[in-house]
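Contents: one structure, followed by commentary.
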Amino acid sequence: MADLGPLIPRNRDIHPVPYDPGYKTSVARSPSQPLLSMESGASEETGPTFGHGTFGALDNNLIMNFSKGTAPAIGERILMHGKVLDERGRGVPNTLVEIWQANAGGRYRHKKDGYLAPLDPNFGGCGRTLTDDEGNYQFLTIRPGAYPWPNRGNDWRPMHIHISVFGHSFGQRLITQMYFQGDPLIDLCPIAATIKNRSQLDRLVAPLDMSNSRPLDFLAYKFDIVLRGRRQTMFENKLEGM
Amino acid sequence: MVQPLDIHEETPSQTAGPYVHIGLMPSFAGIPDVYENQLGESPIADGAKGEVIEIVGSIYDGTGWAMRDALFESWQADASGKFAGQDGADPNVSGYCRFAADGETGEYTLKTVKPGSIAGRGGQVHAPHISLWIVARGINIGLQTRIYFEDEDNSNDPLLSRIEQRQRVDTLIAKKTAYGKYRFDVRLQGEGETVFLDI
Ligand SMILES: [Fe+3]
């Protein structure tokens, strides 16, 4: 196989700080020693592939997938869509995108979530898809509710959808969250605030996209995702001599 | 001013939170039927070549508590050191697995085949290892590390060789507890802290 080159090293400055007293759980769950940095190799540059045949027709439709198409979930219908790119700006085709979220009342279908908002009998809260040949993906879902969580005295999570993206290399692995344009809770959220650079946090806020909203059906929100890219290798031989 | 670089920055990470299982292992979260199959259930299929092994361990936070909510992904080569998709790779080794710390005990189990050593750029050879990626509530960006094996020759491994504090090398080496069985604990912070990677 052709050598596509090592992964571009992660710029840790754009990412959240691992240790942040405002997000209490991070205090005992952040390494205190520096990470060991090294150029990527096959272990990081390769990764699993997932075939289209593995996916069901409703896997990316959270409104209908839990009820197997028999009854829609409650809530504001939305289309979440966007493109997975690499740092070179190239679309990443056939890559796995998975999402999970609370229901319209802010409650997760999870044994550990005891929030008093009710479960929706027709909402599971997970979806998955593969990007198309250009890297585009879409999910039909409902807008998740904000919810309170035990941290400081009165902390609430803004409306958000959790997103896991694979890429083609194990070293591209990324989990993030999508927020919604105009949500006043973003500015108050200690988890959002683990990203110290405001312009980087803004990259996680999806704009309302009327151009892809469907009249009398759903509103659209656009969320593009950038994964690590690869360095070109044309002068690799010279480096070996060092 | 200078010319702009034609480069897009990576999307910032956010914690996977406490409910990551809903998205990545829905049956573990109590949602068994939403998909017809769950991804990454096993890194091997029947007929995989090599020694079948079982790795058991826990992940401890900075207070010494075995975390109950962590989720792991592993990625590895087959017994001959080839990754799925490479020429000559074992068709029965996907090499990829998702698994979770037990909600009661905090212990995880990974059943797989022992990987072979891996050829790197410039003739380097990496000792047999499994790449491990860890997410959980309170982890703001997924942590990468590697599982090596105490009964393999790790002396020339390029990554282990870069660890200056030699006693920390031990944090990446699974201990053999019985035939085909290993223990690999992860310590997030403090005494015996696992070496995490930026790679
Ligand atoms: Fe959440």
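Structure notes:
- Residue check for B:Ser80: of a type in the set (Ser, Thr, Tyr) and within 22 Å of B:Arg146 (Cα to Cα): yes
- Among the residues listed as B:Gly40, B:Gly95, B:Gly57, B:Gly81, the single one being among the small types (Gly, Ala, Ser) and over 15 Å from the mean Cα position of the chain (by Cα): B:Gly81
- Residues that are open to solvent by 30 Å² or more (accessible area, probe 1.4 Å) and within 13 Å of another protein chain (Cβ to nearest Cβ) within the stretch A:66-88 comprise A:Phe66, A:Lys68, A:Gly69, A:Thr70, A:Lys83, A:Arg88, listed in sequence order.
- The condition of being surrounded by fewer than 21 Cβ atoms within 10 Å (Cβ to Cβ) and in contact (Cβ under 8 Å) with a residue 24 or more places away in the chain holds for only one of A:Asp187, A:Asp183, A:Asp202, that being A:Asp183.
- Out of B:Gly122, B:Gly142, sole residue that is in contact with a Leu (Cβ under 9 Å, 6 or more places away or on another chain) and at pLDDT below 95: B:Gly122
Listed here are the residues, each with its yes/no results for (1) closer than 16 Å to A:Asn61 by Cα; (2) among the hydrophobic types (A, V, I, L, M, F, W, C); (3) open to solvent by 40 Å² or more (accessible area, probe 1.4 Å).
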{"position": "A:Asn94", "(1), (2), (3)": "no, no, yes"}
{"position": "A:Pro118", "(1), (2), (3)": "no, no, yes"}
{"position": "A:Pro144", "(1), (2), (3)": "yes, no, no"}
{"position": "A:Trp156", "(1), (2), (3)": "no, yes, yes"}
{"position": "A:Lys196", "(1), (2), (3)": "no, no, yes"}
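- Applying the condition of being part of a strand (DSSP E or B) and of a type in the set (A, V, I, L, M) to the stretch B:153-199 and asking which residue is surrounded by the most Cβ atoms within 10 Å (Cβ to Cβ) yields B:Val186.
Okay, residues lined up against (1) more than 16 Å from the ligand (Cβ to nearest atom); (2) assigned to a strand (DSSP E or B); (3) within 28 Å of A:Pro158 (Cβ to Cβ); (4) not aliphatic (A, V, I, L, M):
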position	(1), (2), (3), (4)
A:Ile74	yes, no, yes, no
A:Lys83	yes, yes, yes, yes
A:Pro93	yes, no, no, yes
A:Glu98	no, yes, yes, yes
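The values are calculated or read from the model by the stated rules, or taken from the named source; none is laboratory data. The shown structure was predicted, so the numbers you read here are calculated from the model rather than taken from an experiment. So basically every Cβ, Gly included, is an ideal-geometry build from the backbone, and we count neighbours across all protein chains shown. Please note that ligands, DNA and RNA were not included when accessible areas were found on the heavy atoms of the full protein model with its side chains. Shrake-Rupley method; radii C 1.70, N 1.55, O 1.52, S 1.80 Å.
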